[in-house]
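Chemist: Can you read through this structure? Questions will come right after.
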Amino acid sequence: IDMQMRITTGGVLKGYKSNLMKSFIASNNARIKVLTQRNFNSYAENPAAATQAFQLRYSFWRTDSQLTASRHAARAANTASQA
């Protein structure tokens with residue numbers, strides 16, 4: 001069986017544009033990772049690391065809230081003792 005394949009300009013350009021877009025997306029994702037210094041950009045990329053990062057941020061937020069509350073209480077105590 002003799003099969004001939006027809007290669008058209010439109011088909012070549014479509015394949016070229018598709019591959020160019022894939023390369024652009026991969027390059028852009030790599031650039032974003034470098035600029036943001038993140039190991040992932042969405043929860044779906046690495047659920048374990050995303051969960052750990054969330055726990056660390058939550059722990060930091062709670063510690064910072066406690067520190068702020070303690071500073072306010074110390075300031076109020078100092079103000080009351082000076083009056």
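Chemist: Residues to consider are 70, 65; find the one that is among the small types (Gly, Ala, Ser), more than 27 Å from the chain's Cα centre (by Cα) and surrounded by 10 or more Cβ atoms within 10 Å (Cβ to Cβ). Don't jump to the end; show me each part of the working.
Modeler: Working: 65 fails: more than 27 Å from the chain's Cα centre (by Cα).
The unique qualifying residue is 70.
Chemist: Could you list, in sequence order, the residues of the stretch 8-17 that are part of a helix (DSSP H, G or I) and surrounded by fewer than 10 Cβ atoms within 10 Å (Cβ to Cβ)? Talk me through it step by step, then tell me what you get.
Modeler: Kept after step one, since they are part of a helix (DSSP H, G or I), are these residues of the stretch 8-17: 9-17.
If the condition is that a residue be part of a helix (DSSP H, G or I) and surrounded by fewer than 10 Cβ atoms within 10 Å (Cβ to Cβ), then 9, 10 are the ones that fit.
Chemist: Can you tell me how many residues in the stretch 24-57 are surrounded by 10 or more Cβ atoms within 10 Å (Cβ to Cβ), assigned to a helix (DSSP H, G or I) and not β-branched (Val, Ile, Thr)?
Modeler: 19
All of the numbers you see were taken from the coordinates with simple rules; none came from a lab. Remember, it's a predicted structure, so these values are computed and weren't measured experimentally. Cβ sites come from the backbone with ideal geometry, for glycine too, and all protein chains shown count toward neighbours.
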